[in-house]
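First, the structure itself, so that you have it in front of you.
The values are calculated or read from the model by the stated rules, or taken from the named source; none is laboratory data. Values in this document were obtained by computation on a predicted structure and should not be read as measured data. No Cβ is skipped: glycine too gets one built from the backbone with ideal geometry, and neighbour counts run over all protein chains shown. Just so you know, the surface numbers come from the protein's heavy atoms only, side chains and all, with ligands and any DNA or RNA stripped out. Shrake-Rupley method; radii C 1.70, N 1.55, O 1.52, S 1.80 Å.
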Amino acid sequence: MEFTKMHGLGNDFIVVFGEKELPADAAELAVKWCNRFFGIGADGLVYILPSEKADYQMRIMNSDGSEAEQCGNAIRCVSKYVYDHGHVNQEQITIETIGAGVQPVSLNIRDGKVETVRVDMGEPILNGLQVPTTVDANPVVDHYIEANGHAFKFTAVSMGNPHAVIYVDDAVNFDLTTWGPLLEVHPMFPKKINVEFATVRDRGYVDMRVWERGAGPTLACGTGACATLVSSVLNGHTDRTAVISLKGGDLHIEWNEADNHVYMTGPAEVVFKGITS
């Protein structure tokens, strides 16, 4: 099978185009191919499939074989792939996701190729039970949680997939590998959770590091950046437009007050192409 290795700010994917539907063994293939020592190596396996509702549908299998409802970095990669390969020829397209529905995408073209992608990520879900968490509140802001005897406070946001945003003194050097796995599977999160650790520099700039559900620490998370901006507005830390700085680079996020939608702008890159054995 032919594949293209792509990444959005270092959050990397094995992208497959041409299948008519999600293969029955997609989970097993994701575990095999995403292995960084015995496979291709990636955070996830992405299938670009036909859609009756949009230009294309995106299905994402995490490196542990679980399926992600949505992924902001992946949708930028998918958008770049279909335009650069001539499968669409317009700069305004739509991509169907299983967790966030159909999402409009604006492509910034330079020299005939997609340079950056702006995605309408839709409205954030703030009701605690719908995120989901076990907390019956709307919104869930600065809520106490304990892991291994350590107390944190989180704000819950769903961008089609669940996020818990926690503010810390130094997100850049935070111990992701200790606390990420414990919080991901905490009983307060019935479908597990993506965990963002954030440090606000000023009202327009936030450092963020992420532990992704089903993938572990990644260099970037698009939905996590969106959740971080929403959380930061709810907590009074930032304005509605800010740069969310991830380990792999920066994303520009806007939570538009007029339509309540979150907009994400960032790059997508091709790494290499290959054929699986």
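Normalise the Cα radius of gyration of the chain by 2.2 N^0.38 Å (N = residues in it) and let me know the number.
On the way: Rg = 17.6 Å, N = 277, 2.2 N^0.38 = 18.6 Å.
Normalised by 2.2 N^0.38 Å, the Cα Rg of the chain equals 0.95.
With the convex hull built on the Cα atoms of the stretch 1-83, state its orientation-averaged projected area in nm². Working shown, then result.
Values: hull surface 20.8 nm².
Computed as one quarter of the Cα hull surface, the answer is 5.2 nm².
Return the carbon/sulfur percentage of the accessible area of the stretch 83-195, one whole number, probe 1.4 Å, all protein chains in place. Please list the in-between numbers first.
Details: 2440 of 5340 Å².
Here it works out to 46 percent.
Keeping every protein chain present and rolling a 1.4 Å probe, give me the accessible area per residue for the chain in Å². Could you put the intermediate results ahead of the total?
Numbers: 11650 Å² over 277 residues.
Per-residue accessible area for the chain comes out at 42 Å².
Who wins for biggest fluctuation among D175, D239, D55 in a Gaussian network model of the chain, springs between alpha carbons below 10 Å?
So, out of D175, D239, D55, the one fluctuating most is D175.
To continue, here is another question. Checking the a/c ratio against 1.5 first, then a/b against b/c, what shape does the Cα gyration tensor give for the stretch 6-143? All intermediate terms of the calculation are to be shown ahead of the outcome.
Numbers: a/c = 1.78, a/b = 1.20, b/c = 1.48.
The shape class here is oblate.
Please give the contour-minus-distance gain from D202 to F38: 0.36 nm per residue of separation, less the Cα-Cα distance, rounded to one decimal in nm.
Details: separation 164, 0.36 × 164 = 59.04 nm, distance 4.25 nm.
The D202-F38 span can extend by a further 54.8 nm.
Mind ordering 85-93, 102-110 by average Cβ neighbours within 10 Å, highest first? Intermediate values should be presented prior to the final figure.
Numbers: 85-93: 12.0, 102-110: 16.4.
Per-residue Cβ counts within 10 Å, averaged per peptide and sorted highest first, yield 102-110, 85-93.
Follow-up question, since we're still on this one. Could you order E269, E96, E67, E21 so the one with the most accessible surface comes first? Probe is 1.4 Å.
Details: E269 85, E96 30, E67 60, E21 130 Å².
Ranked list, largest accessible area first: E21, E269, E67, E96.
Could you point to the residue in P181, I166, F152 farthest towards the positive end of the stretch 71-195's charge dipole, with +1 and -1 charges on the Cβ of Lys/Arg and Asp/Glu respectively?
After comparing all options, I get P181.
Could you give the length gained by full extension between V270 and D239, i.e. 0.36 nm per residue of separation minus their alpha carbon distance, to one decimal place? Walk me through the intermediate numbers first.
On the way: separation 31, 0.36 × 31 = 11.16 nm, distance 3.27 nm.
Full-extension gain reported as 7.9 nm.
How do T97, T241 stack up against each other in accessible area, from largest to smallest, with a 1.4 angstrom probe? Each step should come with its number before you reach the end.
On the way: T97 5, T241 85 Å².
Sorted by accessible area, descending: T241, T97.
What 222 nm value per residue comes from the helices of the chain, counting each DSSP H run with n ≥ 4 as -39,500 (n - 2.57) and dividing by all residues, nearest 500 deg cm²/dmol?
Dividing the helical sum by the residues of the chain leaves -5000 deg cm²/dmol.
Express in nm, to one decimal, how much length is gained between Q92 and E146 on full extension, taking 0.36 nm for each residue of separation and deducting their alpha carbon distance. Could you put the intermediate results ahead of the total?
Working: separation 54, 0.36 × 54 = 19.44 nm, distance 4.42 nm.
Extra length available between Q92 and E146 comes to 15.0 nm.
Most mobile of K153, K20, K32 per a Gaussian network model of the chain (Cα springs, under 10 Å)?
Between K153, K20, K32, it is K20 that shows the largest mean-square fluctuation.
Hey, what did the chain get for relative contact order, percent, Cα under 8 Å, at least 6 apart? Working shown, then result.
On the way: 716 pairs, mean separation 53.7, N = 277.
Here the relative contact order equals 19 percent.
Give the ranking of F38, F174 by solvent-accessible surface, highest area first, calculated with a 1.4 Å probe.
Details: F38 185, F174 50 Å².
Reading off the accessible areas and sorting them downward yields F38, F174.
Suppose each label sits 7 Å from its Cα in the direction of the beta carbon; what would the N108-A24 distance come out to in nanometres?
4.5 nm
Also, I was wondering about something else. Between H252 and V172, with labels modelled 7 Å along Cα→Cβ, what's the label distance in nm to one decimal, could you check?
A separation of 2.3 nm, rounded to one decimal place.
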